[in-house]
Structures are given as structure tokens and as C-alpha cells.
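**Q** Before I ask anything, let me first share the structure, which is written out below as C-alpha cells.
The values are calculated or read from the model by the stated rules, or taken from the named source; none is laboratory data. As the structure is a computational prediction, the values presented were derived from the model and not from experiment. Every residue, glycine as well, gets a Cβ built from its backbone with ideal geometry; the counts of neighbours run over all protein chains shown. Remember, those area values only see protein heavy atoms, side chains included, never the ligands or the DNA or RNA. Shrake-Rupley method; radii C 1.70, N 1.55, O 1.52, S 1.80 Å.
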4 protein chains.
Amino acid sequence: MSTNHSATAIIRIHCPDQRGIVARVTDFIHRNNGNIVALDQHTDRDEKRFFMRVEWELEGFELSREQIEPAFEFAIATPCKMKWKLHFSDKTPRMGLFVSKMSHCLYDILARYQSGEMKVEIPVIISNHKDLEEVVGKFGIPFVHVPVTAETKAQQEQKALDILKEHEVDFLVLARYMQILSPKFVDHYPERIINIHHSFLPAFIGAKPYHAAHARGVKIIGATSHYVTSDLDAGPIIEQDVSRISHHDTVERLIQKGRDIEKIVLSRAVMAHIERKTLVYKNRTVVFQ
Amino acid sequence: MSTNHSATAIIRIHCPDQRGIVARVTDFIHRNNGNIVALDQHTDRDEKRFFMRVEWELEGFELSREQIEPAFEFAIATPCKMKWKLHFSDKTPRMGLFVSKMSHCLYDILARYQSGEMKVEIPVIISNHKDLEEVVGKFGIPFVHVPVTAETKAQQEQKALDILKEHEVDFLVLARYMQILSPKFVDHYPERIINIHHSFLPAFIGAKPYHAAHARGVKIIGATSHYVTSDLDAGPIIEQDVSRISHHDTVERLIQKGRDIEKIVLSRAVMAHIERKTLVYKNRTVVFQ
Amino acid sequence: MSTNHSATAIIRIHCPDQRGIVARVTDFIHRNNGNIVALDQHTDRDEKRFFMRVEWELEGFELSREQIEPAFEFAIATPCKMKWKLHFSDKTPRMGLFVSKMSHCLYDILARYQSGEMKVEIPVIISNHKDLEEVVGKFGIPFVHVPVTAETKAQQEQKALDILKEHEVDFLVLARYMQILSPKFVDHYPERIINIHHSFLPAFIGAKPYHAAHARGVKIIGATSHYVTSDLDAGPIIEQDVSRISHHDTVERLIQKGRDIEKIVLSRAVMAHIERKTLVYKNRTVVFQ
Amino acid sequence: MSTNHSATAIIRIHCPDQRGIVARVTDFIHRNNGNIVALDQHTDRDEKRFFMRVEWELEGFELSREQIEPAFEFAIATPCKMKWKLHFSDKTPRMGLFVSKMSHCLYDILARYQSGEMKVEIPVIISNHKDLEEVVGKFGIPFVHVPVTAETKAQQEQKALDILKEHEVDFLVLARYMQILSPKFVDHYPERIINIHHSFLPAFIGAKPYHAAHARGVKIIGATSHYVTSDLDAGPIIEQDVSRISHHDTVERLIQKGRDIEKIVLSRAVMAHIERKTLVYKNRTVVFQ
């Protein structure tokens, strides 16, 4: 958390594993008089791949914000064959929300947003139904109804893309949005669409997972938040959690208990994304501390 | 638990849901001067099916052990179209163990057995490998090596069945036994073979679930204990539990963390079975309190 | 759950343990043509005390609502020395909410209330601060500011009692209300005030439990919902849950993570209370299924 | 984990927080041609204290084992005012075990020891009772009976110290050893005695925590493993875990359920200690990944 500090720079890196990367990166920051406030790294030995997140205070740092990217690219990223991203903690991300009819994830996000826990701007909320217009209205956020049918899907997705572009949305959250986005749509926001699936993936992929869980007689149910890819329910997992159930729980009870897991798991995933703690590689998500 | 009491009778019932069953069953016990020490019931509204477990003290009960079955059958079970089982708490069940090479579930069971927590007799332990012969030897239990190949499977299963029959085994526990039992074998012990599968079923059915979990990038792993049916990994689930993991966990770490879940989940399932708290109906298990 | 059924009657009982209680109670319902939809019982052997909750459909029951109480009292409760309560599922309880400055529990309850998950009426919300007036306003519920100082406490508690009486409030929920209620106030709502304490009681009783948890270096934090008695943080526990933390978590992070446990634990406790599933005996709470 | 690698060096550090520590440490390793296989760091902002664990392969490292300590001390530790420790992964630690009458933690440790999961040597097991002599005998480990009474305590502790010294024990594990060690004894093994307390500390300090938990009516029980200090049950916590219970659970059931948490929590703590992942500072334990 950078709450009590001045603005920070955050770099997330992955590259082929090689000797001396931590030394080079930390030396780069140290030589420019940067004070590291968080550093986490991970080496995947099977993939021979190195992952790192480092965050340092901008105050006193001898490179300006504009200089950091070219300097790091030249000195370290290029020689080490890094894929990397730079962010500044005082740049608030703009989040677009997609909803349908269920309110629990939406309320959970909006409550965090309004209390200041979730540090985002929410310029617009899009829904294929009008059910939640009143809820959204309570929070003074523009609500746009973009109904979707099999025939109008391509056209309506384009309409949604236009709205998101107009509002300069950085990333999307599907808060129990019950439509499947086309690969074409997903391509506009790679690793920037977060979904909540109401099962413990990969169990119970697809529709009606609580019915399937009940039929199978499981003793624990779960929820999974993941980045959306063109492959349904198969995107890189960010967060999961579970809840114990019993034979007494009807499908309706599972749905009720599941709502609590869904909303917490989705909000945790969104928080990790906003704090720039996630890094996707080959369908898996590194979640830094 | 009946630990502090005299011997008890336990009846487990399921039947079509109908009015007055609890009244009839409890009245039967009450009229014969029985003192109920535990009663749990469940109604599955979708299946319109009623489930019940009732346990009462034999001391002072006015029917002898031999009289209970015909009396209950005539007065209640037949008119109510019940499927039911009667057990006496002082009849210690005889458990057969199947193992292969891994010792963690075996040790966990034997430690509970020897400390008196798991109230069973273990007349014999069968293995398709010799690796655990020494472990079993420590506990003074007969160990029989029954190696299995694709060619000898039918014959060796028959040999195992003969051994189990000779030792008057009531039920079987597969403590990470790495062979698939044939439907023919399973038919000899319906709802009386307990397996531990090293994943959170129905995720990662089949071989090498930890490898699959690692490849999928899940954030939680689990284990599942279930009754064995002829359909692999699809039998009625008795107990499940999970453990949180992270991207740092290699497949080897998952296997290590998984062992702790496996052994606890299997032992809990075995304990529920021994205490006559499970009741299978249509591939789901009611686990009474 | 009685969601799919006609209205039900719910009786909760405790009495000295004795033979035949279940038989007598279920026979009473059966003879009057009642269809039991849920039955759960518990015997506390140390206390020699019997606990029971039974719920049956009113449709077809041969006693009118008014007749049930005297009939049951005469036939069963008096001879068995029972303490008992009767409720009807279609009588929606009226819940009073007390809040201070933090919104997370309030939002969680109001979201469930508005979606219909939490079947209560909320005639009034009282706060000692004005911070949440706007949040409450979004939901169209009367908000009354009742500030409290050491000098005005007695007088302001009386004012609050008057407001609650005027609104015919059945029970109270303290959704992170940061004032201690006087024993005199508590006496007006015995076993009908539900509080959320932000620790895993009995660890960290009193103020600033997250600071204390951080100082002690615990690896898990929790929250506890309990009925309020005159003894601070010592009332009968209804529900608890926990969350794993690490040395990385600052006090601020603990507070943030704790909010998610608090709101879920409080809402679960309120739901159990509303569904008439709790029964207090000697500072412990039986929570029926 | 260093399982698939050559031997590694492990350094654990804490020091006043200051700029450039990670850079200096990693540069030290990198310049000497070391390949880092794990690095984890933590900054405690309240304490203004920095913590780090770094592990690198010895193969190819240009300093000999003997040279590492003086070189690191001179170049980095002294200028940075570090407290630090150096270990080599191929030096197997020698663990002394203290037990009393309960076998569950003992079995759990011995099963891991014998399967090779717990990479220690166990030269001796000491007990104040003879009950577990037979269990220990199964595993071929010397068992020494050192009975303790109020009168003989000082003398018997000295006897135990002599035995431990003779067997060159590096650290001690109290596997439900029911005696309190004197501060004098504890001083011989600072941060090297690991205990398991059968409650979720700081709740239920002292004797009979399950009885206390039952009396308080908690809904979750736990266990805590911690380093032993002269202050009973107040030492730095290494690991905790919990298990959900209900009003049905008698004290005996709590004890039974608790055993499973105790053994897993203790073994996890011992594993963290053996893998040199723990670092104590001011009564809190940093547990590196």
C-alpha cells in the first residue's frame, strides 16, 4: 500500500530467467536515488521465466517521470529481453462496469468506491438490462442500457466499445454480466477485463454452476475471478475462494451463499488489478504481495 | 458421539417424504422406553425424499437387539416404504486398507487407530507394491502384497477379494491406492469402499491432478473423499477440503501441501462412515451430524 | 428456508433433557395434520438440557394461529418445563439499525435488504454521527441523528428507545456502532441486539483490536457477531469467521481485510436471527440448521 | 524449495531500513557469480526495519563457504548495521523432540521424517512420561524418560540439557509436551524451541483451552505454533490455523477436531523453521515465502 507515502512508480517485469536481474533493477533505482517501498519477485523454473514487481517513491528520484521509461528500457529492459509496464500510483485508473440483473457484486464495488477503499474512477456503467438503473442512480454514475440479442450482438458490442472509448475507460469489470463477450471485443482490452465466475473453476464451467454443484453433491462451493480471454471461463485466474456447504443446502441456498463469495472474490481481484499487483504469463496470473 | 454412554442402536433411513415420519419413528423408540441420544433428519424437496438418523441407548430399551429389526420393519419401515439400516455402536467394524507407495494417509489412519481415536479393527492391509511393508510392520498388522498388471488384474482382484472375505472385512479404504478397481470388484462392496482423490472434484478428474492444477493456475487446491462406484472419480462425495496456494508453489509443493489435505479429508470421511453418519442416495451423500 | 412454501409456524424450545420430547412434539404437530418442513434438535449432556427447532406448514394445520400457543403450552410445554417461542414465517420482523461512521456493514445490510435477500423491514436508522446520513438517504430510510456524549448518554439512550418504540422495532443491529450501550438500554432488548466485534473473540476484547492483533503478530484475524449483554464483548456468540494475514499486512491492511469479514459475519448472524434459527442458553448460542 | 538444485546458501537479515539494501545484497551475490533462487523482503514501516531472505546456488559461486561470512560481514552487514544469519541447505538440522502422553503430533512429525518430507535428523526424543516409548521405538529413535516433578524440575531440566548437548541438537520441538520450561532452560535455545498451543492465541492462554472454548461458545477453534520465550504462550507466532465447530461439539469433540489442527500447524511451523524461512523481531515472526 502506498497510502501513507508520496506518489510511487511501479514496474512489473517478466523476462527469461538470468543471473543478476534483481541486482540490475535495484541498482538502477538506487543509483537514481530511489527509495524502494515494495519488491516482490518470482522465478518459474519450469518456464525458466523471471517475474518482478518493484515500487519506489518518486520524491527525490533523480529521473523525471518522462525519463524513467526510456532510461529503464535502454539500460535494462532491452538487454534483458524484458516485457514490462510502468505505472504511477497517483494516476487513478478508470474502470468500466458491466452488469445485468444481479446487484450483489455491483453494490459491493460501489460501496468500496464510495468509501474510498477502491481507488478508481467509474465514468460509466453499462447493462444489457434496466433492472439496476435505480441502484446505479443512487451513486450518481451514468448508466447506459445496451440491450443485446443474438442478432444485434456485434452492433451492440461496437456501441459499448464506443461508450468505453468516449469515457476513456482503462479496464473493465464484469460484475455478474450474463453475456459472453466476443473475441473481437475482448481483443480491445487484453488482460484488462475481469470477470467473476460463480464456481470454483475449472469445476462447473458454463451456465448454472450452482445447479451442477448441487447435482454433483459437492461439500464446498467456490467462486473464481479471472481475466477474460476469448476462451470462455478459461482465462488466467486472479483470485478464488470457497465456502463449506451441506446436504441441507438447496440450489437456492447455494446461490445465496455463493453471492457472498462472488462479491468478495471479485472485489479482491479488482483491488489487486488496481494496485498493479497482477502479471499474466501463459494463462496464469502472478499476484504479487 | 456415544463415547460416554452405554451401547446404542443406530438407524439410518430414507423413504418417500410423507407426513408424520419423525413422529412415528420417535414414538416407536419412546414407547419401547428408548432414550434418544442423537437425531438428525433432512428432507430433499426436489427428490421428495426424507432422510433420518436416530441413535438411542440400548440400556433399558424394551426390545432385545434381535427384536428391533423385525419390529421396526413391520411397524414402520414397510408401511413407509423405507430403505433402512440398523447398527449397534459396540460392534466394531472391520476395515480393509489398500495402499500403494505413499505413506501419508496410511500413517494418519494407523496413528488414529493405535491411539484409539478410530474405533475399527484392521485385520489386513493389501498393497500392489512392497514399499510400505515396513511401515505396516511397525503396527503389527498383516501386510499382503498383491501386485497387479494389466494381464493379472482380474485374477489378482479375485485374490484380494478372497483375502478380504477370509478376514471378514466390512468396508475398504483406499489410502492413495493407485489402481482402479474393476466394476466387478466394486460390486462386492457397494457404498463400502472409500477413496481419496487428490483434487477438489469435479475439477481435475483422473491422473496427475496437481500437475493439472498447476497448469491451470488455480489459487486453491483440494482433496475429495468419496464412495467408489464403477464410474471413476464420480462416486458420492463424503468430504472435501481445500488449501490456499500461490504462484510460488511448484508442482512438488502442491503435492506436499496436498498430502496434508488428503490425509485429513480421508480420515474425516472414514470417521463419518464408522460412526454410521453417512447415507448415500442417487450419487449424493447425506452426512448427518 | 421457507421461500417456496406456504407460511410456516416455527417453535424453538429448550427444557430439561427427558425421554420422549421429540416424539411428543412431533406427535402434536402430526395429530393436528401439520407437515414438518424442518426439524433440528440438540442435547447438551453437560447441562442436561434439550434444544429443538421445528417448523411446519400452516396450510392444512387444524389449529388456528391463535390456538397453537395455548394448545402447545397445555399439552407439552408445561408438563415438560419448556421455555419456548412461537413465530410465523410470514410476519416480517422490524429491524432497527445503529451506525456510526463506517459504511461497510451498513451497505452490506442495505444491499441485501433492497435485493430482497434479507426479509426485514427497516423503519429507522439511528446514528451518533451524521457521516452516513447520505448513504441511508439513498435507500429512502429515515435517518435520525442521536449524538451521544458522556453527559448526555442516559438522556440520548432514552431518546433512542422512544424512537425505536415509536417505530415498533423488534430487534436491533449494531452495524459498527461505536458506542457502548448501557445495561439499562440492553435490558429493553434481551437477546435482541446483535453486535459485530472486529476480532476473533475472546481474543482482543475492547477497543482497537486490529492494532492489538498486529502487535501480537497473529497470522489470522477474525470477526465475531454476538448478542449484546451488559458484559462488554462477552455476549453469546452467533457467528465468527477469519481471514489469513501475513507480516506484510500493516494495521491499515488488517482494517481493510477485516471489513470484509465483519460485514459477512454480521449479515450471516442477522440472517440466522431473522430465520429464527438461534437459541441462547447460558451465554452460548445454539444455531439450528 | 531447493529440492531440485545444488546446495544453496541462505542469508536472513534484519537491519534499520535504509536505501539500497536490496541492491547491495544482490550485487554482492551477483558480482561473485551467484545465481539467486529465492528472494523475499519486507519493510516494517512502523519499526523502520528491513527484513530479507535470499538464497543462491553455491555451485559456481566464487567465494568458498568459509569466505562468505567474513566477506559479507565486512562489505555489507557491518556498514548496514545488520543482524544476520548464514545457512547452507545441505547441512541437515538436528531436531530434539519433547513429548508427554499424546501421540498425534509425534506421529505426524515422525511420518514426515520417515518419508523424507521433513529433512532433519532426530537424534533423541525426551519425555516426562513413558506412554510414547513404544511409538518412538517403532521408528528406531532413542527415547529418554526424564520425569519431572515440582521438586526435581531444575535438576531434570539440566539432565535434558545434557542429553541435548550430547546429541548436538540444534533446535527443539515441543510436540504437546505438557511441562512448562523454565526461563533458564529456554535461554539455551533462543528462537529455537517451537511449541504448539492448542488454541487460537491469544485466546485461551494456559491450561485446558478446549474447555474454555466450549464454555465461551466460540464457533471456531484453532491452534498456534510459536517460538518459546520465558513468557508463557506469549512467544512469537509462526503459524496458526482454525476449524469450524458447532454447538453439537462436546469438549471431547473439540479435543478430537483440535488434534488435526495442532499436528498440521506444528508441522508447518517446523518446516518453515527447517527451511530457514522464519525471522523473529520483537515478538513477531516474519515467515518468508
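**Q** I need the inter-copy label distances for C:Phe88: point set 7 Å along Cα to C-beta, values in nm with one decimal, smallest first.
**A** Once sorted, the set of distances for C:Phe88 reads 5.0, 6.6, 8.3 nm.
**Q** Counting other Cβ atoms within 10 Å, which GluC sites (Glu not before Pro) in segment D:35-130 have at most 12 and lie in a DSSP loop?
**A** Listed in order of number, the matching sites are D:Glu59, D:Glu62.
**Q** Here is a further query. Quickly estimate the mean residue ellipticity at 222 nm for chain D, helices only: each DSSP H run with n ≥ 4 gives -39500 (n - 2.57), and the total goes over all residues, rounded to 500.
**A** Values: 8 runs with 87 residues, N = 289.
When only DSSP H runs of four or more count, the value is -9000 deg cm²/dmol.
**Q** Viscosity 1.002 mPa s, temperature 20 °C: Stokes-Einstein D of segment A:95-147 from its Kirkwood Cα radius, in µm² per second?
**A** D = 195 µm²/s.
**Q** With all pairs of different alpha carbon atoms counted, what Kirkwood hydrodynamic radius in Å does the protein assembly as shown show? Kindly include the intermediate steps, with their values, before the conclusion.
**A** Numbers: mean 1/r = 0.0309 Å⁻¹.
Hydrodynamic radius (Kirkwood, Cα pairs) of the protein assembly as shown is 32.4 Å.
**Q** So, one more: Among C:Thr250, B:Thr285, what's the order by accessible area (1.4 angstrom probe), most exposed first? Intermediate values should be presented prior to the final figure.
**A** Values: C:Thr250 50, B:Thr285 5 Å².
The ranking, largest first, comes out as C:Thr250, B:Thr285.
**Q** Still on this model: Might you report the magnitude of the Cβ-based charge dipole of the protein assembly as shown about its Cα centre, with Lys and Arg at +1 and Asp and Glu at -1, to the nearest 20 debye?
**A** Computed about the Cα centre, the dipole is about 0 debye.
**Q** First measure r as the distance between the Cβ atoms of D:Ile205 and D:Glu66, then evaluate 1/(1 + (r/R0)^6) with R0 = 35 Å and state the FRET efficiency to the nearest 0.05.
**A** Given R0 = 35 Å and the Cβ-Cβ separation, E is 0.20.
**Q** Tell me the Kirkwood hydrodynamic radius of segment B:94-287 in angstroms, computed as one over the mean inverse distance between distinct C-alpha pairs.
**A** One over the average 1/r among Cα pairs gives 17.0 Å for segment B:94-287.
**Q** Return the aspartates and glutamates within reach of D:Lys138: Cα separation strictly under 14 angstrom, same-chain partners fewer than 8 residues apart disregarded; answer none if there are no such residues.
**A** Straight-line reach from D:Lys138, under 14 Å: B:Glu133, B:Glu134, D:Asp108.
**Q** Chains B and A: buried accessible surface, both sides, probe 1.4 Å, rounded to 100 Å²?
**A** Roughly 2900 Å².
**Q** Which sequence of D:Met102, D:Met271 reflects their accessible areas, 1.4 Å probe, from the largest down?
**A** Ranked from most to least accessible, the order is D:Met102, D:Met271.
**Q** Then there's this: Pairs B:Lys184/B:Lys257; A:Lys263/C:Lys153; C:Lys81/D:Lys208; A:Lys48/A:Lys91; A:Lys130/A:Lys208: which exceed 27 Å Cα-Cα?
**A** Details: B:Lys184/B:Lys257 34 Å; A:Lys263/C:Lys153 38 Å; C:Lys81/D:Lys208 34 Å; A:Lys48/A:Lys91 33 Å; A:Lys130/A:Lys208 22 Å.
Violating the 27 Å limit, Cα to Cα: B:Lys184/B:Lys257; A:Lys263/C:Lys153; C:Lys81/D:Lys208; A:Lys48/A:Lys91.
**Q** Then there is this: Straight-line reach only, C-alpha to C-alpha below 14 angstrom: list the aspartates and glutamates that C:Lys277 could link to, leaving out same-chain residues fewer than 8 apart.
**A** C:Asp40, C:Glu55, C:Glu191, C:Glu239
**Q** Go ahead and run the numbers for FRET between C:Lys83 and D:Val251, Cβ-Cβ distance against an R0 of 25 Å, rounding to 0.05.
**A** On the way: r = 24 Å, r/R0 = 0.98.
Calculated transfer efficiency: 0.55.
**Q** While we're here: At a 1.4 Å probe radius, carbon and sulfur cover how many percent of the accessible area of the protein assembly as shown?
**A** Within the protein assembly as shown, the accessible surface is 51 percent carbon and sulfur.
**Q** For segment D:111-191, what mean projected area does the convex hull of the alpha carbons give, in nm²?
**A** On the way: hull surface 22.6 nm².
If I average the Cα hull's projected area over directions, I get 5.6 nm².
**Q** Taking the Cβ-Cβ separation of C:Glu121 and A:Leu232 as r and a Förster radius of 56 Å, what is the calculated FRET efficiency to the nearest 0.05? Spell out each step's value before the answer.
**A** Values: r = 42 Å, r/R0 = 0.74.
Here the calculated transfer efficiency is 0.85.
**Q** If contacts are Cα pairs under 8 angstrom and at least 6 residues apart, what is the relative contact order of segment B:163-289 in percent?
**A** 23 percent
**Q** Please list A:Thr92, B:Thr26 from largest to smallest accessible area, probe radius 1.4 Å, with all protein chains kept in place.
**A** Largest to smallest exposure gives the sequence A:Thr92, B:Thr26.
**Q** What relative contact order, as a whole-number percentage, does segment D:8-88 give when Cα pairs under 8 Å and 6 or more residues apart are counted?
**A** 47 percent
**Q** Along the axis that rotates chain D into chain B, which residue of chain D has the nearest beta-carbon, and what is the gap in whole Å?
**A** Axis-proximal residue of D, distance in whole Å: D:Lys138, 2.
**Q** Would you mind working out the accessible area per residue for segment B:182-249, using a 1.4 Å probe, and quoting it in Å²?
**A** 34 Å²
**Q** Something else: What whole-number value in Å² describes the accessible area per residue of segment C:1-148 for a 1.4 Å probe?
**A** 40 Å²
**Q** Between segment B:194-268 and segment D:94-118, what is the C-alpha centre distance in whole Å?
**A** Answer, in whole Å: 25.
**Q** Right, something else. Pop out the Kirkwood hydrodynamic radius of segment B:8-88 from its pairwise C-alpha distances, inverse of mean 1/r, in Å to one decimal.
**A** Computed over Cα pairs of segment B:8-88, the Kirkwood hydrodynamic radius comes out at 12.7 Å.
**Q** With an 8 Å cut-off on Cα pairs and a minimum separation of 6 or more residues, tell me the relative contact order of chain A in percent.
**A** Dividing the mean separation by the residue count of chain A yields 15 percent.
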